1. If we scan the range 111-133, do we find a residue that is in contact with a helix residue (DSSP H, G or I) (Cβ under 9 Å, 6 or more places away or on another chain), aliphatic (A, V, I, L, M), part of a strand (DSSP E or B) and crowded, with 19+ Cβ neighbours inside 10 Å?
2. So which residues in the range 157-170 are surrounded by fewer than 20 Cβ atoms within 10 Å (Cβ to Cβ) and closer than 24 Å to Leu210 by Cα?
3. Applying the selection to the range 33-76, what residues are hydrophobic (A, V, I, L, M, F, W, C) and either more than 18 Å from Val212 (Cα to Cα) or part of a loop (DSSP other than H, G, I, E, B) (or both)?
4. Gly193 - would you say it is of a type outside the set (D, E, K, R) and either assigned to a loop (DSSP other than H, G, I, E, B) or free of Cβ contacts under 8 Å to residues at least 60 places away in the same chain (or both)?
5. Being at pLDDT below 85 and in the same structural domain as Arg146 (by TED's automatic domain parsing): is that true of Phe109 here?
6. Could you tell me which numbered condition Ala79 fails, if it satisfies all but one of (1) out of contact with any helix residue (DSSP H, G or I) (no Cβ under 7 Å at 6 or more places or on another chain); (2) modelled with pLDDT of 90 or more; (3) outside any helix (DSSP H, G or I); (4) more than 23 Å from Leu239 (Cβ to Cβ)?
7. Considering Tyr235, Tyr220, which residue is modelled with pLDDT of 95 or more and part of a strand (DSSP E or B)?
Amino acid sequence: MEETVKFNKNVKINKESKIPFYYQLKQHIVEEIESDRWKPGQQIPPETKICEIFDISRTVVRQAYQELVNEGYLIKKKAKGTFIAEPKISENIVQSLMGFYEDMTARGFKVKNDILWQKKINSTSKVAEKLGLEAGEEVIVIRRVRRLNDEPVVLDRTYIPYKLCPDLLNEDLTNKSLYSYIEGKYNLKIDRGRRFIEATVASEEESKLLDVKKGSPLLYIESVSFLDNNVPLEYYIALHRGDRSRLVTELKRLKSFDEIGILPADSIVSGFLIKDNVKK
């Protein structure tokens, strides 16, 4: 049975204050979490109990809880209740080509890949375009659930040209870095990449594989990685759990657009792309 947090009896909701009641409750909970008095995995009392403790309405409690869920402090588990969330995992995926496996193991996480698919297929027109191939050329597709300390956090699908890495088809990647294998086995150097990031929500299948509710927020990352001779090596699509992931990047202010000239001509320095929602 999960341990339930204990509220400080000296904390009250100031009914005379102009600060909204829900915000007072929310700030109290944040303070308990950030002070480390409340630990990840501990359960928060149900809304009805909080109403009794602080003499406030259920609407007030529900708003505070929902904002804390949205901000990553709390997590709701179906049929179980509301809990203190685990800290989000910071990833350098925006600015670094270090693979997920390498990045996470370097930080002390136990990484495991559940391999759902690993097979050779004929490329679709979209995959072929991303990898600079003719439509129908053979590619190896790998679909994985990436686990950190046995918790599923990423669902990805990777396409690699078969002609570049044929032995990859039969390689066991359960406890292995894909990038390290390719560079070591084939002496290929992965040099750069281009990534696009969007917000999305979990489908029914994705929610089951990632152990989240259907409709939960996910980070959708689409990427193409290139070798040092500009040949595309990898096209992948990854879904990162929004409640467990935080992407980190460092920015440098350019004093003028002339400075962009030091970068490859096709590099995207920064910016937003507006999606075309017209069905094609």
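1. Within the range 111-133, one or more residues are in contact with a helix residue (DSSP H, G or I) (Cβ under 9 Å, 6 or more places away or on another chain), aliphatic (A, V, I, L, M), part of a strand (DSSP E or B) and crowded, with 19+ Cβ neighbours inside 10 Å.
2. Arg157, the sole residue that qualifies.
3. Hits for the range 33-76 are Ile33, Trp38, Ile44, Ile50, Cys51, Ile53, Phe54, Ile56, Val60, Val61, Ala64.
4. Taking the combined requirement at face value, the residue does not satisfy it.
5. The answer is yes for Phe109.
6. Ala79 satisfies every listed condition except (2).
7. Being modelled with pLDDT of 95 or more and part of a strand (DSSP E or B) holds for just one of Tyr235, Tyr220, which is Tyr235.
The values are calculated or read from the model by the stated rules, or taken from the named source; none is laboratory data. All values derive from a computational prediction rather than experimental measurement. So basically every Cβ, Gly included, is an ideal-geometry build from the backbone, and we count neighbours across all protein chains shown.
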